[in-house]
Amino acid sequence: MVKKAKVLLVMSGLFTFAMGLSNVFVNIFLWKKSNDFIVIAQYNLMHYLFVPVTFILAGWIAKKKNGVWPLRIGIVLFAIFYICILILKAKVVKYVILIGILYGIAGGFYWLAFQVLTFDLTSPENRDTFNGLNGTIASSCHSVAPFIAAFIIHKSEGITGYSIVFGTSVTIFTVLVLISILLGSERYEKELVFRKLLSNNSLSWAIIRKSTAVWGMRDTVMMFLITVLIFKTTGSELALGKLAFFSHLILAATFAVEQKIIKPERRVISIHVGAIFMFIAVIGLGINISYLTVLIYIIVNAIFMPFFIVPMMSAGFNVINKYHEEKMRIEYVINKEIALNLGRAVSASVLILLLMFLDKPGSLNYFLVFIGGMQLISVYYLKKLDIWEG
């Protein structure tokens, strides 16, 4: 693997550690100050809406400069995001829409750059390996970081622990900007081709868009709901940190195993196994939301998610290679991100409406089962692709 790809992996690890320290606890911080799922859903909805919009701006900057510039801008904006939370403290709930927008803008810049750089620094032959290694590193950081953060918050009084945790993330983001100097990136075409941003482009890419939009309905919405449910059932940041440590340790091991055993000819089997068991994991939550059912979900989901997510992540890039559209990779990444965040926004909007108008016992259980099966529909589309043989 080329040197720059290794630098990107290091940056991804540090970024994930910084986000692992703080991001889980932003939702918990909002919950403690509002005790309202709707507030948290609004915060998440805002960044689902603004990530794809920002992708277009980030893509324009990448075309004018190179792929590293949006990466740096995103990291700086994430630092500003946590500084804002440090300043606002208990008043943050009043500005939940604005901080959600800021988070979305930061994410748009960072993830556009990361995906484009991943494409540039890998090939169809080693992309699964890169994604598997990145998953292992990210999961390892995600296992340790929330536990450390939870311990600091648990041992501190008031919101002092949150201030220490968010401040540490800001420091790491500063270091990341400096490390980004080691990354270079080739220049792209000078202008964005806007017709590529919203169109199907090819039959295979239409399949990628559909599967990605459906996956987006589960994706991070499931994640923030489970996080809040853990805190709600335990009442402890430390318990949340321990569970995060445990689940991401399993994820790290599974990502490592996945990238060793899942070769091109096994990708279709992999996505089926992963998707089916991810759905089985959520069935218990449909029956009863308790510490035990949440724990079962976390374990089973952590074991099987990499078998679905790694081939799916590689599929989009491999379609771009197959149709020789490498010069349009920024446009394709934006196109895919619009589909992903459309799914996320629909899911978050449904959740808000559900809580506002149908807040009855069991409604959240049914919603979790509904979005917990979305990856099965993704597989229905993905298996139609003609890129799985090699």
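Every number in this text was worked out from the coordinates using simple rules, so none of it is lab data. Keep in mind that this is a model prediction, so the values were computed, not measured. When we count neighbours, we look across all protein chains shown, and the Cβ atoms used for this are built from the backbone with ideal geometry, even at glycine.
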Check: In straight Cα distance, which lysines are under 21 Å from K91, not counting same-chain residues fewer than 8 positions off?
Finding: K32, K33
Next item on the list: Work out which helices of the chain, taken as complete DSSP H runs, extend at least 24 Å along their axis over the Cα atoms and score a mean Kyte-Doolittle of -1.0 or more, then list them.
Entry: 3-34, 37-64, 68-88, 96-121, 127-155, 160-179, 203-234, 237-261, 267-287, 291-322, 329-357
Next item on the list: Note down, for the range 1-70, the three equivalent ellipsoid semi-axes (square root of 5 times each alpha carbon gyration tensor eigenvalue), biggest first, whole angstrom.
Entry: 31, 19, 7
Notebook entry, point to check: K4: which lysines have alpha carbons under 19 Å from its alpha carbon, excluding same-chain residues fewer than 8 sequence positions away?
Noted result: K65
Margin query: Suppose every Lys and Arg Cβ carries +1 and every Asp and Glu Cβ carries -1, with no other charges. What dipole size does the chain come out with about its Cα centre, to the nearest 20 debye?
Written below: 400 debye
Check: So if R0 is 30 Å, what FRET efficiency would Y380 and I97 give, r being the distance between their Cβ atoms, rounded to the nearest 0.05?
Finding: 0.25
Item checked: Candidates G59, G161, G13: whichever shows maximal mean-square fluctuation once the chain is modelled as a Gaussian network with Cα springs under 10 Å -> G161
Item checked: P(r) tail fraction, the chain - alpha-carbon pairs more than 33 Å apart, % -> 26 percent
Item checked: Cβ-based net charge around E258, under 11 Å, with every Lys or Arg adding one and every Asp or Glu removing one -> +3
Note to self: Net charge within 11 Å of L182 by Cβ-Cβ distance, Lys/Arg positive one each and Asp/Glu negative one each, not counting L182 itself?
What the structure shows: +3
Check: Taking N as the number of residues in the range 31-104, what value does Rg over Cα atoms divided by 2.2 N^0.38 Å take?
Finding: 1.25
Notebook entry, point to check: Arranged by the count of other C-beta atoms within 10 angstrom, fewest first, what order do T233, T118 take?
Noted result: T233, T118
Notebook entry, point to check: At what distance in angstrom do the alpha carbon centres of the range 90-163 and the range 3-78 lie from each other?
Noted result: 6 Å
Item checked: Listed peptides 362-369, 135-142 by packing density, highest first (mean Cβ within 10 Å) -> 135-142, 362-369
Margin query: Between L353 and I87, what's the calculated FRET efficiency when r is the beta-carbon distance and R0 is 30 Å? Round to 0.05.
Written below: 0.40
Margin query: As an exercise, identify the trypsin sites (Lys or Arg not before Pro) in the range 188-229 lying in DSSP coil whose Cβ has no more than 16 other Cβ atoms within 10 Å.
Written below: K190
Next item on the list: Grab the DSSP H runs of the chain that are 4 residues or longer, score each as -39,500 (n - 2.57), total them, divide by all residues and round the 222 nm result to the nearest 500 deg cm²/dmol.
Entry: -28500 deg cm²/dmol
Check: Could you give the dipole magnitude of the range 1-74 about its Cα centre, charging the beta-carbon of Lys and Arg +1 and that of Asp and Glu -1, in debye to the nearest 20?
Finding: 500 debye
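So what is the relative contact order of the range 230-304, in percent, for Cα pairs below 8 Å that sit 6 or more residues apart?
About 41 percent, as a whole number.
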